[in-house]
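For reference, the structure is listed below as structure tokens.
Every read-out reported here was derived from the displayed coordinates using simple, explicitly stated rules and does not represent laboratory data. None of these values were measured; they are calculated from a predicted model. All Cβ positions, glycine included, derive from the backbone under ideal geometry; neighbour counts span all protein chains shown.
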Amino acid sequence: MAEARAPSHLISLHELKPSQVDDLLELSMRIKRQPRKASLAGKTVGLLFFRGSLRTRTSFEAAMTQLGGNTINLSAASDFWELESVEGSVMDGRAPEHVKDAAAVLSCYVSALAIRPKPAGTSWSVDRRDAEIRTWARYAKVPVINMESALWHPLQALADLMTLKEALGELRGKRLTFTWTHSPTPASPAAVHSLLLAALAQGMHVRVTAPAGYELDGEVLSQAQAVGEEHGSKLETSSSMQDAARGAHVIYARSWHSLEDYGNATLAASRRARTSGWMVDERLLALGDGAQLMHAMPVRRNLEVSDAVLDGPRSLVVRQAENRLHSQKAVLSLLLGG
Amino acid sequence: MAEARAPSHLISLHELKPSQVDDLLELSMRIKRQPRKASLAGKTVGLLFFRGSLRTRTSFEAAMTQLGGNTINLSAASDFWELESVEGSVMDGRAPEHVKDAAAVLSCYVSALAIRPKPAGTSWSVDRRDAEIRTWARYAKVPVINMESALWHPLQALADLMTLKEALGELRGKRLTFTWTHSPTPASPAAVHSLLLAALAQGMHVRVTAPAGYELDGEVLSQAQAVGEEHGSKLETSSSMQDAARGAHVIYARSWHSLEDYGNATLAASRRARTSGWMVDERLLALGDGAQLMHAMPVRRNLEVSDAVLDGPRSLVVRQAENRLHSQKAVLSLLLGG
Amino acid sequence: MAEARAPSHLISLHELKPSQVDDLLELSMRIKRQPRKASLAGKTVGLLFFRGSLRTRTSFEAAMTQLGGNTINLSAASDFWELESVEGSVMDGRAPEHVKDAAAVLSCYVSALAIRPKPAGTSWSVDRRDAEIRTWARYAKVPVINMESALWHPLQALADLMTLKEALGELRGKRLTFTWTHSPTPASPAAVHSLLLAALAQGMHVRVTAPAGYELDGEVLSQAQAVGEEHGSKLETSSSMQDAARGAHVIYARSWHSLEDYGNATLAASRRARTSGWMVDERLLALGDGAQLMHAMPVRRNLEVSDAVLDGPRSLVVRQAENRLHSQKAVLSLLLGG
């Protein structure tokens, strides 16, 4: 993604070369030690939020402005309208503008576009294609940065990888367990998908545990399997939190919605009602090997993770959030050539 | 508008002296070739959006921040309230604040106010007065910039004029045709009004074609007639797209609402339903004299203009949009003395 | 509040030492004479608006950006969600995130947090505790600045104090009268509470006049009494506008809601209906000793204050608003060490 001139995008972390990920991590840590200033003066990034955000928006705006640049925050709620994304359509419906035109025009004004699309929420097999952000990337003449699509969340995964390296040093052979947690408002599996591939590519052994019906995306799991084989790392799944926690160096808690019930709120709610007890507490943490806790936030206290764990010395959650700032500065520096 | 100290406004392009328009165009082109930096450092422009915007907001924020300044984006949806604009009224209604107070106060904080008012939409003879933005201009102690009122859209017209000059060189004697296009969500005629006068003042011959009931504002047409006589340029209207396209150097497509049915959604919809076929396609373009396409966007593809024309080599629409950035930098530089 | 490193907050003006208030006022006036530039380059302030604002938001953003820094504007309407503030709760309700987590995370991204909370509006004895902003202050690792809570409005009071000093010179012994005014949309008494204590601490004699049922907060009045005794200044209350206006050097008009009827819209409306005539006009102003008018805005013309007074030479209202900019620059400079 750092080649000069030719715009390139950041849609998912695993589409980068391993050396590019290493470069990003190294730069992230250098920026954290010694913040850069004003290297992006005069540059502007357009932020397009098709759904809301607190952490991503604040850390992204802070990253850009602290590098001397500017952001323009566009939110679907007030600043723009529905956009057509089908090629060749006769636009007599609700959308008054085509993504290809919006992308071409915004490319004249800004140095990059950071986008959080809003999946339609009806069919997982459709939404998992990430058609919207890929259409933006196809037509934009500036880099497009994914701020969490249906399938991937590369910015979160990059910050998480940085946090893992800070906490564990060399990652090869270390054990990471993703555990599903109960929440009335589950997140998307995107952050877990992205870190799953990235951690296996670093040689970590990974376990995923979730109740029946909360399996991760099948194709992502196959990709993960292949990445693991290539890098000599193991991927296991388990339906027991306790089994999965045993010996883990890091337990990564996250609530994600059921892909099986995707688009069916009634089924989803009834399945979720049968999954109490999926919470990370001190007892679970104690099963690990000096296990530390990660979570991408927002976190529902005493439902997903207990206060004692979140406020205790083994929690990495605030550091993960902080590292969003540093690693996004690295992404922006590399993409915008600062 | 460039005199020092005395604040002056940009409400409509034709209120400037011709030499001021020329200065603006020249500066726009100079800035496009060699972007200025940081000349407006420490300056702030307040953006007041009483209705939404994508292109105007992004290009305006980008223009200001790339010149080293800042914008404060205020939108009626979330940041402020209804404002009273009648002089002397007893304010026991919904509006808790008078425009004269808001204008006086905001003038203390920012170096200019850029405003997109929201016409009431009931009576054209009332809305065409642009009372709201003129009240702001009367009470503000800093320059007020019109980001599209009911009657005028000077920033679009300036970018369009710049695009015409880039595409055609000397404009005197060249032929520009405005053609109405069909859309379920027509725009306002403001952009056409502004460019109509500006193009005639440059010596262009102008034709306007639209179905019955979609005539432009009568007083603007009279003004245009007078401008044409002064500058030796012709203004013609026609009810035939084909006749109007013949020999044109530029065809400017735009959907605008009927001023006859203004404020009556039922009549407007029924009239609009009888106007299919008003689309610019390659056949129409071929009637011109090497005709190029312009459109102020958003554009409904294959309804207003065909994909083949929009994506073809004769389309100037993205360049028009890009020139918003450069020409707005020129406006800001001149008004804010950078 | 100016000590290095240890973050300290600005929740209410009277919690500062008198010498700190004096320092702030002096710096405000110095900045007004000679605006500073770029002293806060690279610093970012997060603005959290749980309810809307025009003056505060614009003056705050302008203050920060004119000092070379940046703001990130987060509004409850579109950018974030309900936050839990009770310690130890099981978060299975609507709020997906706890204030302690949001505060810890945002502290990683920005140099300060400026917050306008939204009181629940049900019980004054609950809302007057300002629990929300104090929870933010407890968990934030950066300074928290109060942009108007239920009880206090320190930024308004600081600008008002500056305006009083500019208008009257030495404040000791001068007479300030707060008079309640009629409005269908009364403000909160927070601005009056803050200035009441600050003016008494400067040695001003203060009168408060309001219809029955519109008394200020009882504990604030007791505090004010004590401040007056300490500084040799008098506090009087009166139910007659005319009596209270007699001999005043400044009449400060403000509409505030009844604390007695707090949370009961029906009672509040019926009480308000019985209070016409509470308006400041030239006749009332003439009762003072060359009295000048102050009002924190927004002001309902010819209902709260007559046009003749607002537009006349004795009105300080625009200057008050302007001084928000300068005094907030002073606050930011001291808190962020520029």
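A few points about this structure:
- Pseudo-label separations to other copies for residue A:118 - Cα-to-Cβ vector, 7 Å, nm: 1.8, 1.8
- Inter-chain Cβ neighbour average for residues A:176-189, partner chain, 10 Å: 1
- DSSP beta bridge pairing in the stretch C:154-321, given as percent antiparallel to the nearest 5: 0
- Peptide B:62-73, shielding by other chains (average Cβ, 10 Å cutoff): 6
- The same position residue A:230 in the other copies lies at 6.9, 6.9 nm from this copy, comparing label points 7 Å beyond Cα toward the beta-carbon, shortest first.
- Two-site FRET efficiency, residue C:39 against residue C:276, from Cβ-Cβ distance with R₀ of 45 Å, rounded to 0.05: 0.35
- Convex hull of alpha carbon positions in the stretch C:154-321: directionally averaged projected area 8.6 nm².
- Rounded, prolate or oblate (a/c below 1.5 giving rounded, otherwise prolate when a/b exceeds b/c) for the protein assembly as shown by Cα gyration tensor: oblate
- Cross-link pairs A:37/C:118; B:32/B:174; C:234/C:329; A:43/A:118; B:141/C:165; A:100/C:43 - those with Cα-Cα distance over 30 Å: A:37/C:118; C:234/C:329; A:100/C:43
- Förster radius 45 Å - calculated FRET efficiency between residue A:266 and residue C:222, Cβ distance, rounded to 0.05: 0.20
- Global form of the stretch B:1-151, assessed from the alpha-carbon gyration tensor, a/c cut-off 1.5: prolate
- When the Cα gyration tensor is reduced to axis lengths a ≥ b ≥ c, the ratio a/c is 1.5 or higher for chain C, and with a/b not above b/c it is classed as oblate.
- For the stretch C:90-145, the fraction of alpha-carbon pairs in successive 5 Å shells from zero, as %: 4, 18, 24, 22, 19, 10, 2
- For the stretch B:189-204, putting each phi into the Karplus relation 6.51 cos²θ - 1.76 cosθ + 1.60 with θ = phi - 60° gives couplings of x, 4, 5, 5, 3, 5, 6, 3, 5, 5, 5, 4, 5, 8, x, 7 Hz, in residue order, rounded to whole numbers and with x for Gly and Pro.
- Whole-number Å³ per residue for the convex hull built on Cα positions in the stretch C:248-338: 141
- Taken residue by residue and averaged, Cβ atoms of other chains lying within 10 Å of the Cβ of C:313-326 number 2.
- Estimated from helices alone, the mean residue ellipticity of the protein assembly as shown at 222 nm is -12000 deg cm²/dmol (sum of -39500 (n - 2.57) over DSSP H runs with n ≥ 4, per residue).
- Pseudo-label separations to other copies for residue A:264 - Cα-to-Cβ vector, 7 Å, nm: 5.2, 5.2
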